[in-house]
1. If you check Trp433, Trp407, which single one turns out to be more than 27 Å from Ile135 (Cα to Cα), touching a helix residue (DSSP H, G or I) at 6+ places or on another chain (Cβ under 7 Å) and either of a type in the set (A, V, I, L, M, F, W, C) or assigned to a helix (DSSP H, G or I) (or both)?
2. Restricting the search to segment 438-451, which residues are crowded, with 20+ Cβ neighbours inside 10 Å and part of a helix (DSSP H, G or I)?
3. For segment 52-62, which residues satisfy the criterion of being under 21 Å from Phe195 (Cα atoms) and touching a residue at least 60 places away in the same chain (Cβ under 8 Å)?
4. Filter segment 42-73 down to residues that are of a type in the set (A, V, I, L, M, F, W, C) and touching a helix residue (DSSP H, G or I) at 6+ places or on another chain (Cβ under 7 Å), then give me how many there are.
5. Given the criteria at negative phi and part of a loop (DSSP other than H, G, I, E, B), does Ile366 qualify?
6. Report, by residue number, each residue of segment 50-101 that is within 24 Å of Gly157 (Cα to Cα), among the acidic types (Asp, Glu) and assigned to a loop (DSSP other than H, G, I, E, B).
7. Take Leu117 and decide whether it is closer than 24 Å to Thr448 by Cα, modelled with pLDDT of 95 or more and in contact with a Ser or Thr (Cβ under 6 Å, 6 or more places away or on another chain).
8. For Phe65, state whether it is closer than 23 Å to Ala200 by Cβ, surrounded by 23 or more Cβ atoms within 10 Å (Cβ to Cβ) and in contact with a strand residue (DSSP E or B) (Cβ under 7 Å, 6 or more places away or on another chain).
Amino acid sequence: MVSIKEAPPKEELDLVFGPSSSGDSLLERARTSRQCFVRSQVQVAPASPEATGRVFSASEALAAFGWEIIRRAILEGAAPIISSPQEPAATLKVRRSELGLSTGDVSRRAGCSESELLRAETEGERSPYRTLERIGAALALDERKLGIQANPGRDAGLGVRLRELTGRGGDMAAFGPSTVLGLTEAAWVIARQDFLSDSANEIKAKLPAHDSNFSYPAYQVGFSLAAKTRKLLDLTDDQPIESVRELIEDKLGIPLIQHSLNSKFAGATISNGTSRGIVINENGMNSNVWVRRMTLSHELGHLLWDPEDKLEKVRADDYGDLDEDVRISKRDPAEIRANAFAVAFLAPPSAIKKLAAKESNPAKVISEIMTMYGIGGTAAKHHYQNITGIKIGETNLGLLPEPDDGWVAAENLSIDYFPINNTPITRRGRFAWLVARLCTDNFLSLDTAASYLNCSQDEAKDNLSKIISLWQTN
């Protein structure tokens, strides 16, 4: 097989990508090509007006199917792609079982009937590729390569960890199949967003090496990692972080997925293959922007510093985990460390000492911590007590401040103003912007953009520029 970094003869490049395409490599010729390909369950062919399968751009087809397959599709009119008679049925069935999900659970999430799902899981049966790709995405698989190879994009560790969240495979708190499928969908978005980001040639920040130090007291390790992270990000010792969202997405290039999940669930850090991302729940206490900032920072602490054996592919946190004093030693050291990281990352201990030295009234100091550094009252109180050693009763704090519109605007993902109603909340952030940008740049087909945004091609076409503008002004 020819590597996509090596260029075949010019005559073949002209034949496959068209003589109007330009460049010296396969990638360059594909990127400038107007040739499209159409895929069914069993084959890839050049796109034509009468074709009913899923349309891929030349760049997508090269990435998903490889040079030899698209070359053969042009030369012979079609190229078979099924690697085994058992595929993709075996992959889909095993993956669903691995996640501990019923056919009803998955079919509802994938937007197909249960009989359609069963057909897709039956060897020898054929299904529309559009059905297969929805099922594949719901199971956090690389749907583009279903049938071409077994278990494409499958992260076995992720599957085991997600199954544990249902309470069926371990002693984790049971969130239920709906939350598990929500996190599975988020895992797919994280992996696909990484691919889109690479395809857009975005420069990503180099993340630090993981830290395996969870020794007692774990909160002191968290404080130290917070200081180290602030230094890496060129933040001064007392500089407030105006937007945790922008720092995660723009400065660090980490996929951040907003979701609507069980109201007990706060957030999660997900590792899917080589991709890591953060999921933030819009329900529950995260509706308060200061709580949301703590949740985001907590998950960032996990993502940046937890080694794989601690992250275990999914680190799911409920609000109770995030709201306790970091000095409580009976909890998981990884959680203590992440909590301490979050509060010290947002409100550095040295800055708290300076505020306390200027003001003797604890209530005033705590109020100032909240408004200056954007954290909630409970977190600010615990932080003040831990830094100063001054204990405060519950009744003598007075009326604490609430976040103003400035804090809300800084952390807002603008998902409420998204122009396509049917686009899932998980895909309305940077993911949608990358889809719109790459479709406009001819890397993604309009069909793919519509599939990723869960809308018609006309609706996608009419809103690409709006999505790009929405992100740029967000």
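1. Values: Trp433 fails: more than 27 Å from Ile135 (Cα to Cα).
When all the criteria are applied, what remains is Trp407.
2. Residues satisfying the conditions are Leu438, Cys439, Asp447, Thr448, Ala449, Ala450, Ser451.
3. Hits for segment 52-62 are Arg54, Val55, Phe56, Ser57, Ser59, Glu60.
4. So the answer is 10.
5. Answer is no for this residue.
6. Step one: list which residues in segment 50-101 are within 24 Å of Gly157 (Cα to Cα), which gives 64, 86-101.
Now drop any that are not among the acidic types (Asp, Glu), which leaves 87, 98.
Glu87 - this is the single residue of segment 50-101 that is within 24 Å of Gly157 (Cα to Cα), among the acidic types (Asp, Glu) and assigned to a loop (DSSP other than H, G, I, E, B).
7. yes
8. Details: closer than 23 Å to Ala200 by Cβ: yes; surrounded by 23 or more Cβ atoms within 10 Å (Cβ to Cβ): no; in contact with a strand residue (DSSP E or B) (Cβ under 7 Å, 6 or more places away or on another chain): yes.
No; evaluated as a whole, the condition is false for this residue.
The values are calculated or read from the model by the stated rules, or taken from the named source; none is laboratory data. Bear in mind that the values here come from a model prediction, so they are computed numbers and not experimental data. Counting neighbours? That spans all protein chains shown, and the Cβs are built from the backbone with ideal geometry, glycine included.
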